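Below you'll find the structure, written out as structure tokens, and then a few comments.
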Amino acid sequence: MRTNFYASLLLLTVPAFVCGQNPVKPTPNMTPRKITAAEVQKSAIVIDTHADTPQRFVDEHFDLGDPLNGGNLNLDSIHKGNLGAEFFSIWVEPGLYKGQYARRTLELIDSVKQQVAKHPGQIMFVTTPEGIEYAHRTHKFAALMGIEGGHSIENSIPLLRQYYALGVRYMTLTWSNSLDWADSSGDIDDKSIAHTKEGLTEFGKDVVYEMNRLGMMVDISHVADRTFYRTLVITRAPVIASHSGARALCDAPRNMTDDMLRAVANSGGPNSKGGVVDVNFYSGFVSQAYRDAEKAQKPEVDKAVADAKAKAKADGREFKYADEEKIQRSYSDRIPRPPLSMLIDHIDHIAKVAGVDHVGLGSDFDGVSGQLPEGLDSPADLPKITQALLDRGYSADDCRKILGGNLLRVFREVEAVSKELQAENRPKITDKQPFDKPQK
Ligand SMILES: [Zn+2]
């Protein structure tokens, strides 16, 4: 890594001495000019794999052209930070939308497309790696979509296929809720919830296989550890963790152990170049101190929420999710923000354990009630990450990989695997395949 850094510095100095028509003699004290973070940021295709802004599109009628107004992502900040592509999260709150998962999923998908339609000069709807590159070349922001939580497919492979047809290019197998076919890290220790025997049922394996066949990236953020390992055994394409960090630095079940980080790097078939872990910016996954402080606050927060609920009931008012979030945020805001260096520690740790080809960015912007490290409030602050990586000796090339190149490589490979699977006869991985005619 450090060797590359100095090699790139050397390269920068080369043109002046070698390539110019009139070679300039170096002055004795001339030091090689350091490439700036702004230059790296400008030359990189910056991709963020997770933002919850569609909740704002639908529930608050938020437009990407609006000021941030308490949120994290808008067009102004996207342009300032040269964010090239965002995977907008299609996340259906499982309690609030019980019985309407598909409807809410479709409304969120539509909200992303409406934003593209409203800003045709600035945003491009994209579903392929080439699309991301084309948008970058034409100075447009690429909007993509990933579904967060397999409950959106309502146990239906046909629904999964239709979400792909609508442009969804990854699916997080579970959110914080376990499903009939996959377990979540969010409730794996809850004895009152039914769990699978091995992490994925036979249907769950079909879902993963069909995602491989379609060319939809398999996202293992949020799943229980055993679901993670079961998925890795059967997936034919490399996987992504769209928004997770390193458990060695912050002990959250949403973060990944060193063994899991290496497993993602080795995921996919025998010729695979491996998957990518996109680091979540959420303070509670970045800093152990923040996490402990939040835990200590929990009884007080729970009481405040219960009191507000009771009061709303007494007043004959509806108590909404936004009301609860507001209370939560008022408490979280009292905990000191972790320094940005702690987030860089996660990127650095994953690069060291899994390799620099296996780490990226998954901000979780607009999904963490503003609980982000110091100085990191929107995509406009992304160049600070680039600067910090350069300061730690990462080369410009390595920075570009982390900023988006790695995700682009995985996305390409997922598409190649999909083409292979569609060309070959589908191998039987379970007795009952979605394509099979019913047995008479
Ligand atoms: Zn999430």
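The values are calculated or read from the model by the stated rules, or taken from the named source; none is laboratory data. These figures come from a predicted structure and were not determined experimentally. Note: ideal-geometry Cβ built from the backbone for every residue, glycine included; neighbour counts use all protein chains shown. With ligands, DNA and RNA removed, areas are computed over all heavy atoms of the protein, side chains included. Shrake-Rupley method; radii C 1.70, N 1.55, O 1.52, S 1.80 Å.
Could you give the C-alpha radius of gyration of the chain expressed as a fraction of 2.2 N^0.38 Å, taking N as the number of residues it contains?
Ratio of Rg to 2.2 N^0.38 Å for the chain: 1.01.
Tally Lys and Arg at +1 and Asp and Glu at -1 over the other residues with C-beta under 14 Å from the C-beta of residue 400: what net charge comes out? Before the final figure, lay out each step's value.
Values: positive: 42, 401, 409; negative: 39, 133, 357, 397, 398.
Surrounding charge for residue 400 is -2.
Residue 138 to residue 202: extension gain in nm, 0.36 nm per residue of separation minus the Cα-Cα distance?
Details: separation 64, 0.36 × 64 = 23.04 nm, distance 4.41 nm.
My answer for the length gained is 18.6 nm.
Taking all protein chains in place and a 1.4 Å probe, what share, in percent, of the accessible surface of the range 168-217 do carbon and sulfur account for?
Looking at the range 168-217 in its full context, I get 49 percent from C and S.
Between residue 114 and residue 420, 0.36 nm times their residue separation minus their Cα-Cα distance comes to what?
106.8 nm
For the range 117-250, what is the charge dipole size about the Cα centre, in debye to the nearest 20, if Lys and Arg each add +1 at the Cβ and Asp and Glu each add -1 at the Cβ?
Roughly 480 debye, rounded to the nearest 20.
Summarise the accessible area of the range 67-142 (1.4 Å probe, protein heavy atoms) by the percent that is carbon and sulfur.
It is 53 percent, rounded to a whole number.
How much accessible area per residue does the range 176-264 have, in Å², with a 1.4 Å probe?
On a per-residue basis, the range 176-264 sits at 34 Å².
Enter the accessible area of residue 319 (Å², nearest 10), with the probe set to 1.4 Å and all protein chains included.
Accessible area, nearest 10 Å²: 50 Å².
Report, in order of residue number, the helices in the chain meeting two criteria: a C-alpha extent of 15 Å or more along the helix axis, and a mean Kyte-Doolittle hydropathy of at least 0.5; treat each whole DSSP H run as one helix.
Result, helices passing both filters: 2-14, 340-353.
Looking at 179, 245, 233, which one has the Cα that reaches farthest to the positive end of the dipole of the range 178-261 (charges on Cβ: Lys, Arg +1; Asp, Glu -1)?
233
Before I look further, what does the range 330-412 give for accessible area per residue, probe 1.4 Å, in whole square angstrom?
I get 30 Å² per residue for the range 330-412.
When ranked by the protection proxy of mean other Cβ atoms within 10 Å per residue, highest first, what sequence do the peptides 267-274, 87-94, 370-377 form?
For the peptides 267-274, 87-94, 370-377, the packing ranking is 87-94, 370-377, 267-274.
Is the shape of the range 146-273 best called rounded, prolate or oblate, per the rule: a/c under 1.5 gives rounded, else a/b larger than b/c gives prolate, else oblate, with a ≥ b ≥ c the square roots of the Cα gyration tensor eigenvalues?
Oblate is the answer for the range 146-273, as a/c is 1.5 or above yet b/c matches or exceeds a/b.
Could you list the residues of the range 333-361 with an amide nitrogen less than 19 Å from a label point located 7 Å from the Cα of residue 307 in the Cα-to-C-beta direction?
Within reach of a label on residue 307: 333-335.
Under unit Cβ charges (Lys, Arg +1; Asp, Glu -1), what dipole magnitude, rounded to 20 debye, does the chain have relative to its Cα centre?
About 880 debye.
Work out the charge dipole of the chain with +1 on the Cβ of Lys and Arg and -1 on the Cβ of Asp and Glu about the Cα centre, then indicate which of 188, 287, 343 is farthest towards its positive end.
Positive-end residue among those listed: 343.
For every other residue with a beta carbon closer than 12 angstrom to the beta carbon of residue 197, add +1 if it is Lys or Arg and -1 if Asp or Glu, then tell me the sum.
Working: positive: 226, 230; negative: 183, 198, 202.
Charge balance in the 12 Å sphere: -1.
Please calculate the 1.4 Å probe accessible area of residue 124, with all protein chains present, and give it to the nearest 10 Å².
40 Å²
In nm, to one decimal, how far is the modelled label at residue 193 from the one at residue 107, with both set 7 Å along Cα→Cβ?
Label at residue 193, label at residue 107, 2.4 nm between them.
Rounded to the nearest 20 Debye, what is the dipole magnitude of the range 196-312 about its Cα centre when Lys and Arg each give +1 and Asp and Glu each give -1 at the C-beta?
100 debye
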